Every structure is written in C-alpha cells, then in structure tokens.
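Asker: Below: one structure in structure tokens.
The values are calculated or read from the model by the stated rules, or taken from the named source; none is laboratory data. On a predicted model such as this, the values are computed, not experimentally measured, just so you know. Glycine also receives a Cβ, built like all others from the backbone with ideal geometry; neighbour counts cover every protein chain displayed. Just the protein is used for accessible areas: all its heavy atoms, side chains included, with ligands, DNA and RNA removed. Shrake-Rupley method; radii C 1.70, N 1.55, O 1.52, S 1.80 Å.
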There are 2 protein chains.
Amino acid sequence: MSVPDLLEQAVEPTEYAGRLRRVRAALAERGFGALVVSDPANLFYLTGYDAWSFYTPQCLVVPTDGEPHLFARAMDAAGASYTCNLRDDQIHGYPEDLVHRPDVHPYDWIAGMAGDLIPAGVDVAVEADAHYFSARGYLALGNGLPGHRLVDSTELVNWIRLVKSPHELRQLRIAGAIAENAMRIALDQLQPGKRQCDLVAEILAAQATGTPEHGGDYPAIVPMLPTGDAAGTPHLTWTDRPFVSGEATTIELAGVFGRYHAPLARTVMLGDPPQRLRETAKIVAEGMRATLSTIRAGVTGSVVHSAFNDVIAAHGLVKDSRIGYSIGIGYPPDWGERTVSLRPGETTVLTAGMAFHVILGMWMDGWGYELSEPVVVTEDGVARLTGLPHELTIRR
Amino acid sequence: MSVPDLLEQAVEPTEYAGRLRRVRAALAERGFGALVVSDPANLFYLTGYDAWSFYTPQCLVVPTDGEPHLFARAMDAAGASYTCNLRDDQIHGYPEDLVHRPDVHPYDWIAGMAGDLIPAGVDVAVEADAHYFSARGYLALGNGLPGHRLVDSTELVNWIRLVKSPHELRQLRIAGAIAENAMRIALDQLQPGKRQCDLVAEILAAQATGTPEHGGDYPAIVPMLPTGDAAGTPHLTWTDRPFVSGEATTIELAGVFGRYHAPLARTVMLGDPPQRLRETAKIVAEGMRATLSTIRAGVTGSVVHSAFNDVIAAHGLVKDSRIGYSIGIGYPPDWGERTVSLRPGETTVLTAGMAFHVILGMWMDGWGYELSEPVVVTEDGVARLTGLPHELTIRR
C-alpha cells in the first residue's frame, strides 16, 4: 500500500516519468551532469516520498543520464517505499550514528555513495537555497565529491512545478474547499472572551478533518492570527490571550490535501470598525477585483501587480511587499514555491495552470488588514479556489 | 505588550543577560570575534524573538564584544519588538525586493550591515548545520565579509541551552501537562472506523487548547501516527484512512508551552494484540524502568543507553537508533536540541536541569512499538514530565 493510494492521490506513473524527463532536459540544457534534490516539496513532486524526516539530511540524486536514488536516515529509508515510487535498490539509508555528530556528517556518507552514480568530472547542481540543505551539508558534499564542481540549481525543480497538471489542479481544488471550511469556522467562532488558542484549536481541527470525502493534510505554516495592534505585523502566531471587543484580527491559514496548499486570509473586526479599517477594506476589495480581472494567460506578474497598485495609489495607499506568489506542494516552513512573485519587475509570463496566492496584506503601524485568494490561471482569466466574500467580517 | 507578557513567560532581563554572557564567554574561549545565530530556537533563547518568519533569512549577529543586532525581512523587522528584547536600533529590516531572487540574496545585504558590527579580521562563527541557514546564505555571507573567515560554531548556543533554568523547567512542566492531556485524548478516542485525520483533529485541538490556565503553543512536529504495517517506520504522518480492528498505531506528539516541548509517544492496539507486540511492550516497559532508574546527575549518556540495551538484549531484542535526546525550545522541523543523544559513545555527563525525551521506538519489519517519556535530570535521579502508565493501550 502506498500513500498515492491512501490519499487518493493517484499520480500516474506516466506523470512521474514526465516530471523526471523535464528535470533531466533542464539539467542537460544547463550542462549539469546531476542534481541533488533536498527540498521536501521537490522530493515529493519527483517520487511521492512523504514523511516528516526532513529534519535530518535527505536527498534525491538525479543523474542527467541514469535513475534517481534516494538517500535518507536508515530508519526513514526503511519505510520510504510506503510513499515513494522507487525500487528498494534505489533507496539508501545512512547509519544512525552519523546523526547529530560534530565530527562526521550524513553528507560525507551520501557523497561517498553518490560518487558512484555521477559520471566523472560533471558539474553537480544543488538546491543551494533550499530550507533543509545546510551549509555544513553543502561543504561535506563538496569535499566528498572532489572531482566535481557544485553549482546552484537556482530552484530548477521549483520552476518545473510552476504549471500544474490536471491531477494537481484537482488536489488544489480539494485544498480550496478545506481552506474555505476552516476559514468559515474561524470567522464564525471568533468571539470576545475566547482565548486565541481555543479559536486556533477549532481551525486546526477543521484543517485536519477536511471534508467527509477528503481528509485534510498538515499545513506548511500554522494558522497566524495577529490581533489588535499586533495585526500590523504579519507572522505572529497565537497566544492564550482572549479576544476583546474593539480589536481586529487578521487570520491566515491554508487548506491542504495531499501536500497541495490553498492559503487564505481574512480579517475580522469585533465591534464597530474604525473608519480607516472600513475604508482600507473597501479599497483592498477594489484592488482584489482589479487584480483578479487582470490575471490571465499571457500577462506578466509585474502587470498583475500594477493593476492592484494603481487602485490603492489612487486612494493614497502604499504597499511595499509583493501581492502574491506561486503555490502548489508545500512543506514547513513555507507554502510558496519560491519562483514567481506578483511584484514590480516580475517578467515571467503567466500561463494556464499556474496557481497563485494573491495576498493583499496591508500592515500599518499598529493595525492591519488582510484579504487573499488562492487562484488558478486559465486561458482567458482566473479560477478562484474558494468562495468566501472579499470583505471585512464584522462581528458585533 | 510583549510575548513574554502575553505567554506568561516572564523571562527576567537578568536571565537573558546571563544567556548572552555565557555565549560571549564561549565565543571568546574559542577565539571567535562574532557569532551569526540563525537557528530560530537560539534566536528565541537569546532575545525572545518569536514569529513564523524563519522561511526567509534572519539572524542575530552577536559580536564577542558588543551588542547583538537582529536582521530580518523588513515586514518582520517592523514587528520584531512585539516579542524580542532588543531596542529598535538593534533591529534591521532588509528590503522586500531581496526575497526569492536569483541574482541577489538577503545575506548580501546582511553581510554589508554586519561588517560594521564585527571587528576587522576576526573569525566569524556561523551555525553551519542549522535548518534555516542555507548554503547560498552561507556563501553570500562569506562573500560579503571578505576580511573574515567563517567557521562552524558547532551548535555553540544549543550546548549552552542544555541545562535549564528554573523558569525553563516551569515551562517544560506546563508543556508536560499539555502533552499528557493530548495523549489521553488520543488514547481514548482512537476507534475502529474513525478516520486518522479525525483523530488528529482532536489531538491538534488538545495541543492548542492546552489547559485552562495555559494555552498550548504549536509543536515543532505534527502528530505522527503510523498505523498497521506502516507502524514499522517512524515518521509517517496521517492519512484519511479509517482505523481498523486488529491494527496497532504508534502515536508521537508534543505538548508545547511558550516554545518549550514535552514530546510523548504511546502505542494503541485495536483488538487483541499479537503475542510479539504484547511481549515487546513488556520488555520495553522493563527497559524504561531501567533507563529512568539510571538517569541522574553524574552519569553519561552512554551509561543510560547501556541500561536500556542490557534489558532488551537479555530478551534477544536489538535497537540500532539512540534512545533519547536533549529537549527544550523547539521550532519546526525538530523539537530536539541537536546536542546530547542517549547512545553508545555519548561521553557528556548528565547534570541536574538537563531535559531529555527518552524514546524507546522499536521499528520492526511491518510493525512497531513506541513508548516514551520526557524527563528532567535531578541531582539524585529523574523527574517525569507526564504521568501516563508505561504500557501498551489495548482497546477492544
């Protein structure tokens, strides 16, 4: 039994083969002889491997000509075939006594094994900015492959993930349904006197429960809900302080199915909103309409950003940060794909099947407003993944 | 209002000062002129900084002689004073347009600023194996500090965190109470026909709710509950498959309070346990008694491991992996401190105030058994952080 089966993921073998083919073609085009994949989202994309094992070194070595091989801690390698599509002889477990040692490192061992898979003298691409490929791992790999030059893949696999297959779009739509459920509960249950942690308990439960047909998976980021004057800063997690009337709370969460993420943000006001918040909500809703009506195959990320920026600038508002980023498979600590951003200077042309989290976060001095929508680019426009109104929720 | 206040954490300024003093003394002893701290747990330990912002580069630069300075993405730097104990002029936000770019990196900017804080020519220690300090960040920092040599701190701050203060022990005891609550719910509510994700929903809710006095914080690792033949592998997360009679499930979770983790593992059998599982549970319980009666100030981690190993060896069982590791502050993806392990060759002598997760995981071919206990070392023994019996739970 495999996770594709368990999660109703049903990635076809031909789809995996196509992904690997595209990666190899990109490697060949850049003159690389192999790629060392350590980003868990990229591992999942290429093999289906899915476990909370990324806190010790693990990687997939993909020779440009040759089969991929997975390297993981022995206890994880033993169970890797539960989820990944590799044969047992393509899975290698490094010894337990290499874990958390000052004198030896798992990448010493991995380099020794990988050397046999990689043709002599070729350049080896690594995911130099991935979250779970440490500086020490990089240095150990380089030392262990003295005949090779390590080069930065510059998110090669992440870019290949950008356009989603029909299977992936289905996963995203289910994730959207889960996100909508969880946000509806958050908006309904946020009440004065309730502790923040108790609302989060309801959100987390809704994220895991998912729908009757499709159980939820864990999100790459926990629910964030900065409240009151803390709402002016985006990434604070919850406390056990109760919600109080007169305060606004920005809520950002994701629905997740089979590792695919549909993130969603809304803002709740307990009591009468201040005029500035009411006005900002109106302007941002107008900005969202302009943004969504601009997204379509053929426009650049920069053009999408301008559509939003023109609206808020006309009202005298300024937003320094990007208004969106590409989404899909996610693992902690991030559900973004680290490729296309919707911001000035983004020259990537959108094509049908790309997915974005359009997030319009206005983080002011001492207050804030957030409104977001996960979307899929279509030939002639955009498809939303959730159906909640684009407005400030007011609870009196 | 600060998070120490919000979370009733109340770390005294003198305690922070003592932590920083110990770090500086260790730097001076090793001849380092500065330390670049990027592990979120170490940032929290030294400054109280706490936000889900570690998915973009951030660090604390600690000159051996001089004040520490925090560097983070502009939107996070703006809100950093909500949680950290630094003055505004010690907090620096890098521009948004450095995020996720192929041509420039936040550490280019950080190096430029940090150069002014670090005396000319000194060696700069970095956390080379920390989870959120990428190879690319390391290379950018090195390029931007051409007059300095970057050296591995080898978990310098992690080792200073090893012995807990009375404040930290209080946090751990609260975390233990939360872990016990969550596990009791898991053991009570695991039933045939219930989907795994729906049990996880109840566990997650219990972790966040905490106790009436103390709300729970998010765990560094989501609940793991491999079931049936998958219980032979430790790090699988949940699916939406229902539990069925005749299968055992191993459950590993943590209670968390103010970032301090008390992890806990148990095993549940639905229906009559096979003889091998029943026997293994008995042997492991005996091994746990031997382990806990060995832990005390003055013994080494290796001696503790032997006490367990002697028991299981007498019954013909073998366990390759360590039986425990140091715990305290945790951030995704790991709640271990990456310092002392309870395993052969561990020469660190235990002292009062150290905390460990003793985890006796027996991962067999196609089945498994887990029993664990978070503990604090005392002068003459050990204090458990939870109170559940050390036995296999059988639900008929």
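Asker: Return yes or no: is A:Arg136 farther than 21 Å from A:Thr339 by Cα, touching a residue at least 12 places away in the same chain (Cβ under 8 Å) and not β-branched (Val, Ile, Thr)?
Answerer: Details: farther than 21 Å from A:Thr339 by Cα: yes; touching a residue at least 12 places away in the same chain (Cβ under 8 Å): yes; not β-branched (Val, Ile, Thr): yes.
The answer is yes for A:Arg136.
Asker: For segment A:162-197, give me the residue count where each residue is touching a helix residue (DSSP H, G or I) at 6+ places or on another chain (Cβ under 6 Å) and not polar (S, T, N, Q).
Answerer: 5
Asker: Please find, among B:Asp103, B:Asp108, B:Asp89, B:Asp97, the residue that is in a helix (DSSP H, G or I), within 12 Å of chain A (Cβ to nearest Cβ) and farther than 12 Å from B:Leu60 by Cα. Give the derivation first.
Answerer: Details: B:Asp103 fails: in a helix (DSSP H, G or I); B:Asp108 fails: within 12 Å of chain A (Cβ to nearest Cβ); B:Asp89 fails: within 12 Å of chain A (Cβ to nearest Cβ).
Every option except B:Asp97 fails the conditions.
Asker: Can you tell me how many residues within segment B:111-141 are within 13 Å of chain A (Cβ to nearest Cβ) and outside any strand (DSSP E or B)?
Answerer: In the first step, residues of segment B:111-141 are kept if they are within 13 Å of chain A (Cβ to nearest Cβ); the result is B:124-141.
After this cut, where a residue has to be outside any strand (DSSP E or B) as well, the list is B:127-133, B:135-141.
Going through segment B:111-141 one residue at a time, the tally reaches 14.
Asker: Among the listed residues A:Ala206, A:Ala177, A:Ala125, A:Ala120, which satisfies the condition of being over 30 Å from B:Glu127 (Cβ atoms) and in the same structural domain as A:Arg73 (by TED's automatic domain parsing)?
Answerer: Values: A:Ala206 fails: in the same structural domain as A:Arg73 (by TED's automatic domain parsing); A:Ala177 fails: in the same structural domain as A:Arg73 (by TED's automatic domain parsing); A:Ala125 fails: over 30 Å from B:Glu127 (Cβ atoms).
Selected residue: A:Ala120, the only one of A:Ala206, A:Ala177, A:Ala125, A:Ala120 that is over 30 Å from B:Glu127 (Cβ atoms) and in the same structural domain as A:Arg73 (by TED's automatic domain parsing).
Asker: If I go through segment B:329-356 residue by residue, how many of them are touching a Phe, Trp or Tyr at 6+ places or on another chain (Cβ under 6 Å) and not aliphatic (A, V, I, L, M)?
Answerer: First, pick out the residues of segment B:329-356 that are touching a Phe, Trp or Tyr at 6+ places or on another chain (Cβ under 6 Å): B:329, B:333-334, B:336, B:339, B:341.
Okay, now just the ones that are also not aliphatic (A, V, I, L, M), so B:333-334, B:336, B:339, B:341.
Residues in segment B:329-356 being touching a Phe, Trp or Tyr at 6+ places or on another chain (Cβ under 6 Å) and not aliphatic (A, V, I, L, M): 5 in total.
A quick yes/no check of all residues on (1) crowded, with 22+ Cβ neighbours inside 10 Å; (2) farther than 30 Å from A:Thr209 by Cβ; (3) in contact (Cβ under 8 Å) with a residue 12 or more places away in the chain:
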site: A:Glu12; (1), (2), (3): no, no, yes
site: A:Asp39; (1), (2), (3): yes, no, yes
site: A:Tyr49; (1), (2), (3): yes, no, yes
site: A:Gly93; (1), (2), (3): no, yes, yes
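Asker: Just to be sure before I move on: is B:Asp76 within 14 Å of chain A (Cβ to nearest Cβ), among the charged types (D, E, K, R), open to solvent by 40 Å² or more (accessible area, probe 1.4 Å) and assigned to a helix (DSSP H, G or I) in the structure I sent?
Answerer: Values: within 14 Å of chain A (Cβ to nearest Cβ): yes; among the charged types (D, E, K, R): yes; open to solvent by 40 Å² or more (accessible area, probe 1.4 Å): no; assigned to a helix (DSSP H, G or I): yes.
No.
Asker: I'm trying to understand the selection: among the residues of segment A:335-392, which are part of a strand (DSSP E or B) and free of Cβ contacts under 8 Å to residues at least 24 places away in the same chain? So that I can check it myself, show each step before the final result.
Answerer: So in segment A:335-392, the residues part of a strand (DSSP E or B) come out as A:335-341, A:349, A:354-363, A:368-378, A:381-384.
Listed by number, the residues that qualify are A:Gly336, A:Ala383.
Asker: With respect to the numbered conditions (1) touching a residue at least 24 places away in the same chain (Cβ under 8 Å); (2) open to solvent by less than 30 Å² (accessible area, probe 1.4 Å), which one is the sole condition not fulfilled by A:His315?
Answerer: (2)
Asker: Now for a different question. Right, A:Val122: open to solvent by less than 10 Å² (accessible area, probe 1.4 Å) and among the β-branched types (Val, Ile, Thr) or not?
Answerer: Numbers: open to solvent by less than 10 Å² (accessible area, probe 1.4 Å): no; among the β-branched types (Val, Ile, Thr): yes.
No: the conditions fail for A:Val122.
Asker: Here is a check on your reading of the model: is A:Val61 in contact (Cβ under 8 Å) with a residue 60 or more places away in the chain and more than 23 Å from B:Arg338 (Cβ to Cβ)? Before the answer, list the steps.
Answerer: Working: in contact (Cβ under 8 Å) with a residue 60 or more places away in the chain: no; more than 23 Å from B:Arg338 (Cβ to Cβ): yes.
Considered against the rule, which asks whether it is in contact (Cβ under 8 Å) with a residue 60 or more places away in the chain and more than 23 Å from B:Arg338 (Cβ to Cβ), A:Val61 comes out as no.
Asker: What's the number of the only condition in (1) buried (at least 18 other Cβ atoms within 10 Å of the Cβ); (2) touching a Ser or Thr at 6+ places or on another chain (Cβ under 6 Å) that A:Leu145 fails to meet?
Answerer: (2)
Asker: Condition first: of a type in the set (D, E, K, R) and within 19 Å of the chain's Cα centre (by Cα). Now tell me which residues in segment B:44-80 satisfy that. Steps first, please.
Answerer: Step one: filter segment B:44-80 for residues of a type in the set (D, E, K, R), giving B:50, B:65, B:67, B:73, B:76.
Result: B:Asp50, single match.
Asker: Does segment B:165-178 contain any residue that is under 30 Å from B:Thr378 (Cβ atoms), under 18 Å from the mean Cα position of the chain (by Cα), basic (Lys, Arg) and modelled with pLDDT of 95 or more? It would help to see each step written out before you state the result.
Answerer: We begin by selecting, within segment B:165-178, every residue under 30 Å from B:Thr378 (Cβ atoms); these are B:165-178.
With under 18 Å from the mean Cα position of the chain (by Cα) added as a condition, the list becomes B:165, B:167-178.
Filter once more, so that each one left must be basic (Lys, Arg): B:170, B:173.
Cutting the leftovers down to modelled with pLDDT of 95 or more gives us B:170, B:173.
Yes, because at least one residue in segment B:165-178 is under 30 Å from B:Thr378 (Cβ atoms), under 18 Å from the mean Cα position of the chain (by Cα), basic (Lys, Arg) and modelled with pLDDT of 95 or more.
Asker: Tally up the residues in segment B:291-306 that are assigned to a helix (DSSP H, G or I) and open to solvent by 20 Å² or more (accessible area, probe 1.4 Å), please. Before the answer, list the steps.
Answerer: Let us first name the residues in segment B:291-306 that are assigned to a helix (DSSP H, G or I), namely B:291-294, B:301-306.
Filter again for open to solvent by 20 Å² or more (accessible area, probe 1.4 Å), leaving B:292-294, B:302-303, B:306.
Residues in segment B:291-306 being assigned to a helix (DSSP H, G or I) and open to solvent by 20 Å² or more (accessible area, probe 1.4 Å): 6 in total.
Asker: Going by the conditions given, is B:Gly31 in contact with a helix residue (DSSP H, G or I) (Cβ under 6 Å, 6 or more places away or on another chain), open to solvent by 20 Å² or more (accessible area, probe 1.4 Å), of a type in the set (Gly, Ala, Ser) and outside the structural domain of B:Thr339 (by TED's automatic domain parsing)? Step through it out loud before you land on a result.
Answerer: Numbers: in contact with a helix residue (DSSP H, G or I) (Cβ under 6 Å, 6 or more places away or on another chain): no; open to solvent by 20 Å² or more (accessible area, probe 1.4 Å): yes; of a type in the set (Gly, Ala, Ser): yes; outside the structural domain of B:Thr339 (by TED's automatic domain parsing): yes.
No, not satisfied.
Asker: Moving to a separate point now. How do the pairs read when you match residues in segment A:261-283 that are on the phi > 0 side of the Ramachandran plot and in contact (Cβ under 8 Å) with a residue 60 or more places away in the chain with residues anywhere that are outside any strand (DSSP E or B) and not hydroxyl-bearing (Ser, Thr, Tyr), using Cβ under 6 Å and keeping only pairs 6 or more apart or on different chains?
Answerer: Qualifying pairs under 6 Å: A:Gly271/A:Gly246.
Asker: Testing A:Thr233 on (1) modelled with pLDDT under 95; (2) under 14 Å from A:Leu253 (Cα atoms), one condition comes back false. Which one is that?
Answerer: Of the numbered conditions (1) modelled with pLDDT under 95; (2) under 14 Å from A:Leu253 (Cα atoms), the odd one out for A:Thr233 is (2).
Asker: Moving on. Among the candidates A:Ile283, A:Ile329, which residue alone is in contact with a helix residue (DSSP H, G or I) (Cβ under 8 Å, 6 or more places away or on another chain) and either surrounded by 24 or more Cβ atoms within 10 Å (Cβ to Cβ) or not assigned by TED's automatic domain parsing to the domain that holds A:Val382 (or both)? Write out each step before concluding.
Answerer: Values: A:Ile283 fails: either surrounded by 24 or more Cβ atoms within 10 Å (Cβ to Cβ) or not assigned by TED's automatic domain parsing to the domain that holds A:Val382 (or both).
After applying the criteria, what remains is A:Ile329.
Asker: When you look at A:Gly215, is it over 17 Å from A:Met364 (Cβ atoms) and touching a strand residue (DSSP E or B) at 6+ places or on another chain (Cβ under 8 Å), yes or no? So that I can check it myself, show each step before the final result.
Answerer: Working: over 17 Å from A:Met364 (Cβ atoms): yes; touching a strand residue (DSSP E or B) at 6+ places or on another chain (Cβ under 8 Å): yes.
So A:Gly215 fits the description; yes.
Asker: Sort out which residues of segment A:247-260 are open to solvent by less than 10 Å² (accessible area, probe 1.4 Å) and farther than 22 Å from B:Pro219 by Cα, and write them in order of number.
Answerer: First, the residues of segment A:247-260 that are open to solvent by less than 10 Å² (accessible area, probe 1.4 Å): A:249-251, A:253-260.
A:Thr249, the sole residue that qualifies.
Asker: On to the next question. Are any residues in segment A:332-369 open to solvent by 10 Å² or more (accessible area, probe 1.4 Å) and under 17 Å from A:Val222 (Cα atoms), and if so, which ones?
Answerer: A:Asp334, A:Gly336, A:Ile359, listed by residue number.
Asker: Just the residues that are touching a residue at least 40 places away in the same chain (Cβ under 8 Å) and β-branched (Val, Ile, Thr), please, taken from segment B:208-239.
Answerer: If the condition is that a residue be touching a residue at least 40 places away in the same chain (Cβ under 8 Å) and β-branched (Val, Ile, Thr), then B:Ile221, B:Thr233, B:Thr239 are the ones that fit.
Asker: Let me ask another. Checking the conditions here, which among A:Pro263, A:Pro273 is open to solvent by less than 30 Å² (accessible area, probe 1.4 Å) and part of a loop (DSSP other than H, G, I, E, B)? Break it down stepwise before answering.
Answerer: Numbers: A:Pro263 fails: part of a loop (DSSP other than H, G, I, E, B).
Checking each option against the conditions leaves just A:Pro273.
Asker: On the given criteria, is A:Thr237 touching an Asp or Glu at 6+ places or on another chain (Cβ under 9 Å) and assigned by TED's automatic domain parsing to the domain that holds A:Thr386? Walk me through it before giving the result.
Answerer: Working: touching an Asp or Glu at 6+ places or on another chain (Cβ under 9 Å): yes; assigned by TED's automatic domain parsing to the domain that holds A:Thr386: yes.
Yes; evaluated as a whole, the condition is true for this residue.
Asker: If we only count helices (runs of 4 or more DSSP H) wholly inside segment B:148-246, which ones have 2 or more residues that are open to solvent by less than 40 Å² (accessible area, probe 1.4 Å) and either within 24 Å of B:Glu15 (Cβ to Cβ) or more than 10 Å from chain A (Cβ to nearest Cβ) (or both)?
Answerer: On the way: elements: B:156-160, B:166-189, B:196-209.
In segment B:148-246, B:156-160, B:166-189 are the helices (runs of 4 or more DSSP H) which contain 2 or more residues that are open to solvent by less than 40 Å² (accessible area, probe 1.4 Å) and either within 24 Å of B:Glu15 (Cβ to Cβ) or more than 10 Å from chain A (Cβ to nearest Cβ) (or both).
Asker: Just to be sure, is B:Val268 open to solvent by 20 Å² or more (accessible area, probe 1.4 Å) and of a type in the set (Val, Ile, Thr)? Don't jump to the end; show me each part of the working.
Answerer: Working: open to solvent by 20 Å² or more (accessible area, probe 1.4 Å): no; of a type in the set (Val, Ile, Thr): yes.
It is false that B:Val268 is open to solvent by 20 Å² or more (accessible area, probe 1.4 Å) and of a type in the set (Val, Ile, Thr).
Asker: Quick check on this structure: which one of B:His131, B:His105 is within 27 Å of A:Pro219 (Cβ to Cβ) and open to solvent by 30 Å² or more (accessible area, probe 1.4 Å)? Break it down into steps so the answer makes sense when it comes.
Answerer: Details: B:His105 fails: open to solvent by 30 Å² or more (accessible area, probe 1.4 Å).
Of B:His131, B:His105, the one residue that is within 27 Å of A:Pro219 (Cβ to Cβ) and open to solvent by 30 Å² or more (accessible area, probe 1.4 Å) is B:His131.
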